[in-house]
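Working notes, beginning with the structure itself.
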Amino acid sequence: MARYWHAADERSGYVRFCTAGEDLRLLTFGTCRLGDGERWTQARGPEETLAVILWGRVDARAGSRSWEGLGGRASVFAGPATAVYVPPSTEFQLQAQGGPALVALCQTPLPAGSVAPESYVIGPEEVRVQRRGAPGFARDVHDILDAQRPAVRLLVGETFNEIGNWSSYPPHKHD
């Protein structure tokens, strides 16, 4: 039986929650918790990656490109996210700045012959926020990496439900 959750680890480092080809068909998902000034490096892999800064502030480097002071949310409820798209075969590094940070790493392998775009940042002002649903399953959907942005396979967002509501109806999952 596949497992779809993993107990979060309070220590620094990467925690994988699911793995493409094992738990889910196409998605590997984990979080990287960093203490102030700590670095985490992802080697050159075959997946495209979207690093979503859940809270905290980070500097990021993807190949020859770098960005400083990304993010800054106090929590996921403090506004839209900042994210970094990283194509396959690109070394990627995160470093927490000014305090601890938590980053979600969403990854998927690419189909043969696919060409991924260069690395880029999605700022909070670029996240499309939509109100969806109806009473009982109303929610705010933050489309971080949607079909209008350059990527091969990844689509990534955050969903915020009202207290007591379902996320959607009928219940379903996305691989």
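A few notes on this one:
- Pick from region 117-134, criterion in contact (Cβ under 8 Å) with a residue 12 or more places away in the chain and in a loop (DSSP other than H, G, I, E, B), ranking: most open to solvent (accessible area, probe 1.4 Å): 118
- Residues satisfying the stated conditions in region 100-116, i.e. surrounded by 12 or more Cβ atoms within 10 Å (Cβ to Cβ) and more than 20 Å from the chain's Cα centre (by Cα): 114
The values are calculated or read from the model by the stated rules, or taken from the named source; none is laboratory data. Remember, predicted model here, so these are calculated numbers, not experimental data. Glycine also receives a Cβ, built like all others from the backbone with ideal geometry; neighbour counts cover every protein chain displayed. Quick note on the areas: whole protein, heavy atoms, side chains included, nothing else; ligands and nucleic acids left out. Shrake-Rupley method; radii C 1.70, N 1.55, O 1.52, S 1.80 Å.
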